[in-house]
């Protein structure tokens with residue numbers, strides 16, 4: 001059965017390759033959704049797929065890439081919506097080149 005999780009990762013998680021690291025892991029697990037930096041310095045992940053695969057991603061997110069220092073991870077489970085065809089990095093307007 002498919003599920004959806006909204007995952008918020010806090011700590012030193014921006015500017016350390018966290019989004020691209022998450023992208024690779026999520027795609028390897030066959031998940032769909034996105035990862036993006038938040039203005040408060042956290043990273044937001046929305047992942048859809050099999051519950052077991054999402055739990056694997058959450059476990060990996062608690063460790064993060066080598067340069068990250070994860071302080072805490074919050075997870076909110078939601079109903080599967082099927083909104084995404086792939087897993088992508090989502091950029092905020094202020095991150096886009098002008």
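No value in this document is a laboratory result; all are computed from the given coordinates. Remember, predicted model here, so these are calculated numbers, not experimental data. Cβ atoms come from the backbone with ideal geometry, glycine included; neighbour counts cover every protein chain shown.
Its DSSP H runs of at least 4 residues, each contributing -39,500 (n - 2.57), put the calculated 222 nm mean residue ellipticity of the chain at -7500 deg cm²/dmol, to the nearest 500. Centroid-to-centroid, using Cα positions, the range 38-94 and the range 11-30 are 8 Å apart. For the chain, the relative contact order comes to 43 percent (Cα pairs under 8 Å, sequence separation of at least 6). Approximating the spin labels as points 7 Å out from Cα along Cα→Cβ, the residue 59-to-residue 12 distance works out to 2.6 nm. Suppose the Debye formula is applied to equal point scatterers at every Cα of the range 2-81; what is log10 I(q)/I(0) at q = 0.14, 0.21, 0.27 Å⁻¹? The computed values of log10 I(q)/I(0) come out as -0.37, -0.86, -1.39. Where in the range 1-30 does the amide nitrogen come within less than 11 Å of the point 7 Å from the Cα of residue 71, taken along Cα to Cβ? Of the residues in the range 1-30, 10-13 have backbone N under 11 Å from the label point off residue 71. Springs between Cα atoms under 10 Å define the GNM used for the chain, and in it the highest mean-square fluctuation of 44, 29, 67 occurs at 67.
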